[in-house]
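Peer 1: Take this structure, written in structure tokens, and hold onto it; I'll ask about it next.
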Amino acid sequence: MNAQIPTQLVESSRIDSVNFDDPGFGDVFADHMFQMDYRDGRWTDARILPYGPFAIEPGALCLHYGQAVFEGLKAFIGDDGVVRVFRPDRNAARLAESCRRLCIPPFDESVFLDAIDRLVRVDRDWIPRRRGQALYVRPLIVATESNLNVRPAREYRFFVMTSPVRAYFTGGAVHLKAERRYTRAAPGGMGYAKTAGNYAASLLPGSESLREGHDQVLWLDGVEHRHVEEVGQMNIFFKIAGKVLTPDLRGTILPGVTRESVIELLRERGIECEERRIDIDEILHAADDGSLEEAFGAGTAAVIVPVGRISIDARTVVINNGEPGALARELREQIVDIQRGDAPDAHHWNRIVE
Ligand code: COI
């Protein structure tokens, strides 16, 4: 899509209202959004317009039956003034999988990339400059056809908004509660897709775990309630006796872009990284015998977040004295360096927005 698209710019920017010392996470949205609609069997009417409310019918199928998928990615501006978007092609590929799972018509990768380029370009001034900050890009597709039959909709809206953010977690190492009772996803379900419904399902267990004094839920598998899956906003990694373990992708966890990047960076560092089923008892034993060196989460919003404690049933294991581990810190710095252009992008992960 190289042609011009209808672009309506704001008359007066809201950028002066943003506290770039600490923009929060997702509290404020940049001036513009991108939209495109699906009707009569095709995606059409790409446009950029001021960020703001838009009307959908009360009968819109997304509101009733949850046909809604989304993505999350980040744009950076480095000290060299170059704007880089981190691995948007991987988000496009995951969006395609999410769409397939929810019977949403496929969205072309090149149109997805072009939409993000255009929007980031138009709101370039909103990209925070400080290390650790980014312009978070949130694309969604929702079913807009008004109808009450439980079936795939015939009309959709794709839209993208952006928000200047700091990292999702601001404290030190997080405290996870391994969840035995509730489940996030089951085999054959939609755990691998980035659907709004997966996040809705996490709210009650998340609130309970917060009330009990934990930061996040560590999801276990939905059948035996013993295999580690993910944290919800991040994938999970454990360093045990020099080797790193992370749950393999078997349809119930989100295939994270940061997860994929971490696995590649670990292997380049010569650190063995096994993707496989991980029984929570294995983690507890490793904590008991002193071989559990580190645990950390990895996600777009979170980047890399050290895990200091895991509680399960009546016990709590403390990891690395509850302090951020060296590997988590180094991986985070390495990823941020690549994203900001402070280190060479040997993997060609960044998409430069001219
Ligand atoms: C992301 O890391 O981009 C996510 O989608 C997590 C988000 C729900 C905060």
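The values are calculated or read from the model by the stated rules, or taken from the named source; none is laboratory data. Since we're looking at a predicted model, the values are computed, not measured. As a convention, Cβ positions derive from the backbone with ideal geometry for all residues, glycine included, and neighbour counts pool all protein chains shown.
Peer 1: Please specify each residue of the range 50-65 satisfying the condition of being without any contact (Cβ under 8 Å) to a residue 60 or more places away in the chain and under 19 Å from residue 197 (Cα atoms).
Peer 2: Matches in the range 50-65: 63 only.
Peer 1: Right, here's the next one. One residue is enough: does the range 284-300 have a residue meeting the conditions in contact with a helix residue (DSSP H, G or I) (Cβ under 9 Å, 6 or more places away or on another chain), surrounded by 18 or more Cβ atoms within 10 Å (Cβ to Cβ) and outside any strand (DSSP E or B)?
Peer 2: Yes.
Peer 1: If I ask for residues that are within 16 Å of the ligand (Cβ to nearest atom) and either more than 24 Å from the chain's Cα centre (by Cα) or not in a strand (DSSP E or B) (or both), which ones from the range 301-313 would you list?
Peer 2: Matches in the range 301-313: 301, 302.
Peer 1: Okay, moving on. Check residue 180 against each of (1) within 14 Å of the ligand (Cβ to nearest atom); (2) under 16 Å from residue 218 (Cβ atoms) and name the one condition it does not meet.
Peer 2: For residue 180, the failing item is (1).
Peer 1: Could you grab me the full set of residues in the range 133-176 that are crowded, with 21+ Cβ neighbours inside 10 Å and more than 20 Å from the chain's Cα centre (by Cα)?
Peer 2: Residues satisfying the conditions are 143, 144, 153, 156.
Peer 1: Evaluate the following for residue 55: is it more than 16 Å from the ligand (Cβ to nearest atom), touching a Pro at 6+ places or on another chain (Cβ under 9 Å) and modelled with pLDDT of 95 or more?
Peer 2: Taking the combined requirement at face value, the residue does not satisfy it.
Peer 1: So which residues in the range 1-32 are among the polar types (S, T, N, Q) and surrounded by fewer than 12 Cβ atoms within 10 Å (Cβ to Cβ), if there are any at all?
Peer 2: 2, 4, 8, 12, 17, 19 - these are the residues of the range 1-32 that are among the polar types (S, T, N, Q) and surrounded by fewer than 12 Cβ atoms within 10 Å (Cβ to Cβ).
Peer 1: Which residues, counting only those in the range 210-228, are surrounded by fewer than 21 Cβ atoms within 10 Å (Cβ to Cβ), touching a residue at least 40 places away in the same chain (Cβ under 8 Å) and within 11 Å of residue 182 (Cα to Cα)?
Peer 2: Within the range 210-228, just 225 meets the criteria.
Peer 1: Which of the strands (runs of 3 or more DSSP E) found entirely inside the range 183-276 contain at least 2 residues meeting this: away from the ligand (no atom under 15 Å from the Cβ)?
Peer 2: 235-240, 243-246, 273-275
Okay, residues lined up against (1) within 16 Å of the ligand (Cβ to nearest atom); (2) at pLDDT 95 or above:
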{"site": "69", "(1), (2)": "yes, yes"}
{"site": "94", "(1), (2)": "yes, yes"}
{"site": "124", "(1), (2)": "no, yes"}
{"site": "146", "(1), (2)": "no, yes"}
{"site": "156", "(1), (2)": "no, yes"}
{"site": "169", "(1), (2)": "yes, no"}
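Peer 1: Moving on to the next point. Give the residue that is surrounded by the most Cβ atoms within 10 Å (Cβ to Cβ), with candidates limited to residues of the range 69-103 that are touching a Leu at 6+ places or on another chain (Cβ under 9 Å), under 24 Å from residue 191 (Cβ atoms) and among the aliphatic types (A, V, I, L, M).
Peer 2: Result: 69.
Peer 1: Moving to a separate point now. Could you grab the pairs with beta carbons closer than 7 Å, sequence gap of 6+ or different chains, first residue in the range 66-82 and in the same structural domain as residue 99 (by TED's automatic domain parsing) and on the phi > 0 side of the Ramachandran plot, second one within 16 Å of the ligand (Cβ to nearest atom) and small (Gly, Ala, Ser)?
Peer 2: Close Cβ pairs (under 7 Å, with a partner that is within 16 Å of the ligand (Cβ to nearest atom) and small (Gly, Ala, Ser)) amount to 66/196; 66/197.
Peer 1: Enumerate the pairs (first residue in the range 285-312 and outside the structural domain of residue 242 (by TED's automatic domain parsing) and closer than 16 Å to residue 336 by Cα; second residue anywhere and within 16 Å of the ligand (Cβ to nearest atom) and of a type outside the set (Lys, Arg)) with beta-carbon separation below 7 Å, excluding pairs fewer than 6 apart on the same chain, so at least 6 apart or on different chains.
Peer 2: Filtered contacts from the range 285-312: no entries.
Peer 1: Of the residues 250, 259, only one is within 19 Å of residue 294 (Cβ to Cβ) and of a type in the set (D, E, K, R); which?
Peer 2: 259
Peer 1: If you scan the range 8-47, which residues turn out to be in a strand (DSSP E or B) and more than 24 Å from the chain's Cα centre (by Cα)?
Peer 2: Once the filter is applied, which keeps residues that are in a strand (DSSP E or B) and more than 24 Å from the chain's Cα centre (by Cα), the range 8-47 yields 38, 39, 42, 43, 44, 45, 46, 47.
Peer 1: Can you tell me which residues in the range 1-26 are modelled with pLDDT of 95 or more and of a type in the set (D, E, K, R)?
Peer 2: 11, 14, 16
Peer 1: Restricting to the range 177-187, and then to whatever is over 19 Å from residue 104 (Cβ atoms) and in contact with a Gly (Cβ under 7 Å, 6 or more places away or on another chain), can you tell me which residue is surrounded by the most Cβ atoms within 10 Å (Cβ to Cβ)?
Peer 2: If we take residues in the range 177-187 being over 19 Å from residue 104 (Cβ atoms) and in contact with a Gly (Cβ under 7 Å, 6 or more places away or on another chain), then 184 is surrounded by the most Cβ atoms within 10 Å (Cβ to Cβ).
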